[in-house]
Structure formats: C-alpha cells, structure tokens
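Peer 1: One structure, pasted below without further comment.
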Amino acid sequence: TAVWTDLLTACDLYRAKAYRVDPVPGAQDQYFAYIAYELDLFEEGSLSNLTASIIGNVFGFKAVNALRLEDMRMPVAYLKTYQGPATGVIVERERLDKFGRPLLGATVKPKLGLSGKNYGRVVYEGLKGGLDFLKDDENINSQPFMRWRERFLF
C-alpha cells in the first residue's frame, strides 16, 4: 500500500500544527515541540482512536531520528466525552484483596507465537509467582493458533 495526497485531497484545516519549538536545556540538537490538532479529528470518548492517531502518526514520521511523548493536554470539552472506567482502583484492590502496596502486573512476551496452552501457562506461572495481573498485548485477540478460551482454561 502507499499513502499519497495531491491538491485535490489535501486539507490544511486538519493538519497538525507545530505552534512552538524550544531547545532542550543542556542538550544539543534536541527540542521540545508543541503540536496541536483540531478536536474534530478524534472520535468522542475513544482513547484508542486518540492514541493511535497521535502516536501512530507522529512516531511514524521518518524524518525524526528519535522521539518521546512527554505530555498530552486535552480540552475539557473532549475529556467530558469519556465515561471513565467502570470501577476505580479501590474496587480493583478489593477484588484482588491487595492493599497497601502498588499493584504489580506484566504483559506476556513473546506476544505472538505461543500456543493457547503455553500462553495460559505463562499467565498461571506469573500469577503464582506473585504478579497481581497479566494483560494481553494489543496484538492478541483470539487468533486460530491461540484462541481466548484455550488460554483461559489452562
């Protein structure tokens, strides 16, 4: 596939706007860039759309050798479109019966290639070893070689 635009499809209104660039104090050839986007670019209440749009597009910019996202600020109008989590950390601590310390979690690696049974065993061993939770990597769904039920029933 390829990405292309021409004068017919270009739209300046929705382009990212770098409105400020400051040098990083004490660092040569390093800068803080402040970039703004039109709010209409993002689906209301969708954190996955917001992060994929910003991180996917900005970090994919090949002209930049290294990049680190340090801060994101969102207008109150956009924040109000989020319903928030179904529960808070207190409810999660009660469910896990874990209080007075940080919750400890991990992501299973390698993210692809394990059978459902082996993936389930990694989760089991992690929990048995003291982790409070393990999460699937973003690429894990219910692929034919690793169905969700097979991982769960280990």
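Throughout, read-outs are computed from the coordinates displayed, never taken from laboratory work. Source: prediction; values computed, not measured. Backbone-built Cβ (ideal geometry, glycine too); neighbour counts: all protein chains shown.
Peer 1: Dipole magnitude of the chain about its Cα centre, charges +1 at Lys/Arg Cβ and -1 at Asp/Glu Cβ only, in debye to the nearest 20?
Peer 2: With Lys and Arg at +1 and Asp and Glu at -1, about 740 debye.
Peer 1: To continue, here is another question. Which pairs, out of Lys80/Lys111; Lys17/Lys109; Lys62/Lys109; Lys80/Lys109, put more than 29 Å between their alpha-carbon atoms?
Peer 2: Violating the 29 Å Cα-Cα cut-off are Lys80/Lys111; Lys17/Lys109; Lys80/Lys109.
Peer 1: Taking the chain as the reference, fit the longest principal axis to its C-alpha atoms, fit the long axis of helix 116-128 to the helix C-alpha atoms, and give the angle between the two in degrees, 0 to 90, nearest 10.
Peer 2: In the chain, helix 116-128 runs at an angle near 80 degrees to the longest axis.
Peer 1: If I model a spin label at Met74 and Leu39 as a point 7 Å from the Cα along the Cα→Cβ vector, what separation in nanometres do I get?
Peer 2: So the two model labels end up 1.2 nm from each other.
Peer 1: Then there's this: Between Arg20 and Tyr82, what FRET efficiency comes out of the Förster formula 1/(1 + (r/R0)^6) with R0 = 22 Å and r the beta carbon distance, rounded to 0.05?
Peer 2: Calculated value: 0.25.
Peer 1: To the nearest 0.05, what FRET efficiency results for Gln143 and Ala66 with a Förster distance of 25 Å applied to their C-beta separation?
Peer 2: Working from the Cβ atoms, E equals 0.15.
Peer 1: Which GluC sites (Glu not before Pro) in segment 66-154 sit in a loop by DSSP (not H, G, I, E or B) and have at most 11 other Cβ atoms within 10 Å of their own Cβ?
Peer 2: Listed in order of number, the matching sites are Glu70, Glu138.
Peer 1: A further question on this structure: Can you give the FRET efficiency for Ala106 and Leu13, using 1/(1 + (r/R0)^6), R0 = 30 Å, r = Cβ-Cβ distance, to the nearest 0.05?
Peer 2: 0.10
Peer 1: Please work out whether segment 16-64 counts as rounded, prolate or oblate from its C-alpha gyration tensor, where a ≥ b ≥ c are the square roots of the eigenvalues and a/c under 1.5 means rounded, while otherwise a/b larger than b/c means prolate and anything else oblate?
Peer 2: The shape class here is prolate.
Peer 1: Let me ask something else about it. For the chain, what is the mean residue ellipticity at 222 nm derived from helices alone (per DSSP H run of n ≥ 4: -39500 (n - 2.57); sum divided by total residues; nearest 500 deg cm²/dmol)?
Peer 2: About -5500 deg cm²/dmol.
Peer 1: Would you please classify the overall shape of the chain from the alpha carbon gyration tensor, given that a ≥ b ≥ c denote the square roots of the eigenvalues, rounded means a/c under 1.5, and beyond that prolate means a/b larger than b/c while oblate covers the rest?
Peer 2: prolate
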